[in-house]
């Protein structure tokens, strides 16, 4: 027997989704810090960059990110990423995919569900080889904060992104 959710919970999820979608659409810059408990991976550092948002339709947008990442050792590297955000109304979730192989071959990363007024969490972790990726997202009207946690046999990393 399927249990229904209270109407107030559904209304809260819809309101939170609209607010998050608006915050994402207005993004133009990103900054992030990566910290690894396992120093061998070399992921300790920080970065800044620009974000170009393309609204595909009322349920889909892409982020094209480009910038500079600096390791704690001082090495500077250029980075670029392209992501697709998609509203999934049937599952009351927002899906995130990486478009490293192009828009026709997305790498599905995670689905997020609202867990609070402006809080979203991963439904199930993204598994890549032996590593598990989870995401916690919070937002205000003007900022989105994402914390990725990556755990595996050789990884114990936290990457915190701030989008404005």
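As an exercise: evaluate residue 151 against (1) touching a strand residue (DSSP E or B) at 6+ places or on another chain (Cβ under 6 Å); (2) surrounded by fewer than 14 Cβ atoms within 10 Å (Cβ to Cβ) and give the number of the one condition it does not meet.
Condition not satisfied by residue 151: (2).
Out of (1) modelled with pLDDT under 90; (2) in a helix (DSSP H, G or I); (3) closer than 23 Å to residue 125 by Cβ, the odd one out for residue 10 is which?
(3)
Which of the residues belonging to segment 83-93 are modelled with pLDDT of 95 or more and either assigned to a loop (DSSP other than H, G, I, E, B) or within 18 Å of residue 147 (Cα to Cα) (or both)?
83, 84, 85
Is segment 125-133 home to any residue that is within 12 Å of the chain's Cα centre (by Cα), on the phi < 0 side of the Ramachandran plot, without any contact (Cβ under 8 Å) to a residue 40 or more places away in the chain and assigned to a strand (DSSP E or B)?
So far as segment 125-133 goes, yes, one or more of its residues are within 12 Å of the chain's Cα centre (by Cα), on the phi < 0 side of the Ramachandran plot, without any contact (Cβ under 8 Å) to a residue 40 or more places away in the chain and assigned to a strand (DSSP E or B).
Which condition number in (1) surrounded by 15 or more Cβ atoms within 10 Å (Cβ to Cβ); (2) in contact with a strand residue (DSSP E or B) (Cβ under 6 Å, 6 or more places away or on another chain); (3) closer than 20 Å to residue 52 by Cα is the one that residue 98 fails?
Result: residue 98 passes all but (1).
Restricting attention to segment 94-112, and to residues there that are assigned to a strand (DSSP E or B) and within 21 Å of residue 26 (Cβ to Cβ), which single residue is nearest to the chain's Cα centre (by Cα)?
96
Go through segment 124-142 and give me each residue that's exposed (fewer than 15 other Cβ atoms within 10 Å of the Cβ) and touching a strand residue (DSSP E or B) at 6+ places or on another chain (Cβ under 9 Å).
Matches in segment 124-142: 124, 127, 128, 129, 130.
I'd like the full set of residues that are farther than 11 Å from residue 30 by Cβ and touching a strand residue (DSSP E or B) at 6+ places or on another chain (Cβ under 6 Å), limited to segment 54-63.
54, 55, 59, 60, 61, 62
The values are calculated or read from the model by the stated rules, or taken from the named source; none is laboratory data. Here the structure is a predicted model, which means the values were calculated and not measured. Cβ sites come from the backbone with ideal geometry, for glycine too, and all protein chains shown count toward neighbours.
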